Structure formats: structure tokens, C-alpha cells
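Report on the following structure.
Coordinate-derived values only; no laboratory data. Quick caveat: nothing in here was measured; it's all calculated off a predicted structure. Reconstructed Cβ throughout: ideal geometry from the backbone, glycine too, with neighbour counts over all protein chains shown.
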Amino acid sequence: MPRRTKAVAKRIKNLVQSAKNRVEPYVVNTVEFVLSVLLSGATFCQSEFQFMLNNIKVPSEATFHRVQEKVGRVIIEVARESVNYWKSRMRKCSGLLFDGSWSQRRNAMFCYVQFVEEKLKKL
């Protein structure tokens with residue numbers, strides 16, 4: 001085995017050994033993890049990998065999706081309340097402007113749309 005390869009093997013062995021000597025991984029709060037994934041726009045797998053590299057233990061994928069569904073219901077309810085509030089403030093026969101954009105140019109998976117009331121200039 002060449003000298004350089006031995007040095008690399010030794011470094012890898014030291015890294016593995018230091019990983020074994022680490023303290024127990026930090027366990028993240030499930031709701032906070034779900035919110036961070038939603039806000040970052042990442043997938044569960046991407047976030048799980050990122051957290052794993054930082055020695056942070058995340059909930060299982062089944063738990064993640066169960067909590068994500070509960071958080072999603074709350075977000076939808078808050079959005080409905082906001083829409084109903086601003087709808088009640090609109091005048092009759094007022095114009096409603098909108099603008100949207102796709103998540104990417106090709107093979108887009110979702111679209112963002114914003115509605116703006118013409119007189120109040122509110123979303």
C-alpha cells in the first residue's frame with residue numbers, strides 16, 4: 001500500500017473513531033423540524049441527511065408526515081381566516097388583480113399565486 005493511501009486510510013479511521021466518541025445525538029422537536037422543512041422548501045430526505053451530518057436525530061418519516069398533516073391543517077385554517085377577513089373589507093365591484101409563478105421552468109410541481117385587491121392594495 002503506498003504511503004499516501006496509508007495516510008488517507010489513517011485519517012478516515014480517525015474520523016470514524018471520533019464519530020464513535022461523540023456524545024449522543026441531539027433529538028430535535030418534531031413540530032419544529034416539520035416547520036423548518038416546510039419553510040426551507042426541502043424534502044424530508046434532504047433535511048434528514050442535513051441534520052444527520054450535524055449529529056441531530058430527527059423523527060421517523062411516518063411521524064414527520066403525521067405531524068406535517070396536522071401543521072398543514074392549522075396553516076390552511078389561518079389562511080382561510082385571513083382571506084375571509086380581507087374579503088369582508090373589500091368593496092363591491094372592486095377589481096381583483098393576481099400574479100403567479102411556477103416553481104421552475106420545466107416539469108413544475110406547484111405554482112405560487114398572489115391576489116391583490118385593487119383599492120386596498122392588500123394581498
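Odds and ends about this structure:
- Whichever aspartates and glutamates have a C-alpha closer than 18 Å to that of K13, once near sequence neighbours (fewer than 8 apart) are set aside: none
- Note on W102/N29: beta-carbon distance plugged into 1/(1 + (r/R0)^6) with R0 of 30 Å gives a FRET efficiency of 0.35.
- Amide H partners (placed H, <5 Å) of V28, local residues excluded: K57
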